[in-house]
Amino acid sequence: MISAREGLRRLREGNLRFASDACVRNALTGEERRRELSAGQEPFAIVLGCSDSRVPAEIIFDQGLGDLFVIRVAGNIVAPSQVGSVEFAATRFGTRLVVVLGHTGCGAVQATLEAIRQPTHEASRNMRSIADRIRPSVEGLLAADRGPDPSALMARAVRANIRASAGHLRHGSEILERLIASEELVVVGAEYSLESGVVSFFDGVPEGG
Ligand SMILES: [Zn+2]
């Protein structure tokens, strides 16, 4: 299996190709690759990303079929089924790298900030279950916020939510904790910029990775 470091390198290179409009993805999604993979998969990274239509993991990392095991949910939150999906891929395929991928301007984070500022009963129970998982990491920021700049608060909230999800994956499961302790799994947090197309890995990146 490809190491977490090598996985990170591939993602960084792929994102660089994407952001500079030099994708090679067509070669990785063709008929030959599809046939090759029909017997099994060995994805080199697990990506827990937001459902936002502008942040499809395979495209922004310029990866092909069989490369990424992708879990997408609004606000890249961690609920039991997300933990279970990561556990599944890590134990079944031996994937060594997990990336929690948030993004600038995340609507789920924005909606949570709005709901904290001005509670309404408009959101359904199901939508509230998403906001409730974002709320703990952003509530404190809102309380401490004295600045006039809402976009700065939003930027901090997006990163806090990514850090919280990555932390939750690192500590929310015995299986994942064990894999991390034995250096068989690395969980990193990353933010995609809608504006530049560039992904910044800012949380939990191993030294030299
Ligand atoms: Zn989002």
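Quick note: the coordinates plus some simple rules give every number you see, no bench work behind them. None of these values were measured; they are calculated from a predicted model. Every residue, glycine among them, receives a Cβ derived from its backbone with ideal geometry; neighbour counts consider all protein chains shown.
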(request) Name the residues whose placed amide hydrogens come within less than 5 Å of the amide hydrogen of residue 45, ignoring near sequence neighbours (fewer than 5 apart) on the same chain. (result) 69
(message) At 0.36 nm per residue, and after removing the present C-alpha to C-alpha distance, how many nm does the segment from residue 51 to residue 79 gain when stretched out fully?
(response) 8.6 nm
(request) First measure r as the distance between the Cβ atoms of residue 110 and residue 29, then evaluate 1/(1 + (r/R0)^6) with R0 = 25 Å and state the FRET efficiency to the nearest 0.05. (result) 0.15
(message) For residue 207, project a label point 7 Å along Cα to C-beta. Then give me every residue of region 1-26 with its amide nitrogen under 18 Å of that point.
(response) 4-6
(request) Could you sort 193-205, 85-97, 29-41 so that the peptide with the highest average Cβ count within 10 Å comes first and the rest follow in order? (result) 85-97, 193-205, 29-41
(request) Compute the length gained on full extension between residue 13 and residue 118: take 0.36 nm times their separation in residues and subtract their Cα-Cα distance, giving the result in nm to one decimal. (result) 33.6 nm
(message) What distance in nm separates the two pseudo spin-label positions at residue 6 and residue 59, each 7 Å out from Cα along the beta-carbon direction?
(response) 2.9 nm
(request) Grab the Cα-Cα distance for residue 128 and residue 195, subtract it from 0.36 nm times how many residues apart they are, and report the gain in nm with one decimal. (result) 21.3 nm
